[in-house]
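Following: one structure in structure tokens, then a few remarks.
The values are calculated or read from the model by the stated rules, or taken from the named source; none is laboratory data. Bear in mind that the values here come from a model prediction, so they are computed numbers and not experimental data. Every residue, glycine among them, receives a Cβ derived from its backbone with ideal geometry; neighbour counts consider all protein chains shown.
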Amino acid sequence: MLRKPRWKSSVALGAVLLAASGMTGTALASPGLGGDSPFARGPAPTEASVRAERGPFAVATETVGAGQGFGGGTISFPTDTSQGTFGAVAVAPGFLESESAIAWYGPRLASQGFVVITISTNSVWDTPDARSEELLAALRYVTDASQAKGRVDRNRLAVMGHSMGGGGTLIAARKTPTLKAAIPLTGWSPNTTFSDVSVPTFVVSAQNDLIAPDGTFSRPFYQSLPASLDKAYLLLAGAGHLAPTRPNTTIAEYSISWLKRFVDQDARYEQFLCPLPTGDPAIATYRGTCPLN
């Protein structure tokens, strides 16, 4: 993938400082992060590794029945117990969808070093607010009751969701500022203002979305997030509303990098987020804060 820097002044200054120290070409990193992070899991990443269908970890699964505050689901988790605990991610589907719409995120993210629960909602008609509660209930189940609970660091949790599940993701981030990352995927919510969110947020949108049009939903979501927040916005070129419901290399690459950077505090993945990527035909627009805090 061609990545041409689209510099902001702060990034340019960072490049000058790095060049002065003989470190030009090294990804900008916050102190104490990267391979030295106590939460870094797995080998040093490459462009190929973050785009791969499967990462370095073997994965097992646990089926969860309904009645836990959500409509049941599947937990995918690394079988490796030698590297300590892992961060956890809950993923919710959209309006009229079941877990099957977002099931692909489970093994793909888990193989990169996360415990992932993909859920069905209590009702396919549930509102974004209800879906926010279901995402949070799913995380509580993973940390407190699941077979994988011993593998989870309850202090490193994140949420994702498609459509109304994306709206629920933003609402969950507002309700629970201790979350480490939020990723709404072609999100839908009657409220598009999230200026009180303090969780690092990666907004994924689609250029040809007719159900949750970019200019009505995802772009206002992103623009409403605080300027001081670590945030990014990716507009998928030529894609529609359902793009996140099928395996998508671009979504996976940036979601993995975002989760690694903020759930694992692993600055080795910042190279895939900063400088802001350009020149990728799969991306119509990419905006974000660089360098990341």
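Over 19 Å from residue 97 (Cβ atoms), under 18 Å from the mean Cα position of the chain (by Cα) and part of a loop (DSSP other than H, G, I, E, B): is that true of residue 139 in this structure? So residue 139 does not fit the description; no.
In the condition set (1) in contact with a Gly (Cβ under 7 Å, 6 or more places away or on another chain); (2) modelled with pLDDT of 50 or more; (3) exposed (fewer than 12 other Cβ atoms within 10 Å of the Cβ), residue 82 is compliant with all but (1). Of all the listed residues (176, 201), the sole one being surrounded by 21 or more Cβ atoms within 10 Å (Cβ to Cβ), within 17 Å of the chain's Cα centre (by Cα) and polar (S, T, N, Q) is 201. When segment 214-238 is filtered for residues that are part of a loop (DSSP other than H, G, I, E, B) and either farther than 18 Å from residue 281 by Cβ or in contact (Cβ under 8 Å) with a residue 60 or more places away in the chain (or both), the ones remaining, listed by number, are 215, 216, 217, 225, 226, 227, 228, 229, 230.
Filter segment 239-273 down to the residues that are assigned to a loop (DSSP other than H, G, I, E, B), hydrophobic (A, V, I, L, M, F, W, C) and over 19 Å from residue 46 (Cβ atoms), then identify the one that is nearest to the chain's Cα centre (by Cα). Among those that are assigned to a loop (DSSP other than H, G, I, E, B), hydrophobic (A, V, I, L, M, F, W, C) and over 19 Å from residue 46 (Cβ atoms), it is 263.
The single condition from (1) among the small types (Gly, Ala, Ser); (2) farther than 23 Å from residue 133 by Cα; (3) assigned to a strand (DSSP E or B) that residue 82 fails is (3).
Might you let me know whether segment 33-55 holds any residue that is surrounded by 15 or more Cβ atoms within 10 Å (Cβ to Cβ), part of a loop (DSSP other than H, G, I, E, B) and modelled with pLDDT under 50? Yes, the conditions are met somewhere in segment 33-55. Taking the conditions exactly as written (small (Gly, Ala, Ser), at pLDDT 95 or above and in a loop (DSSP other than H, G, I, E, B)), does residue 279 satisfy them or not? So residue 279 fails the test.
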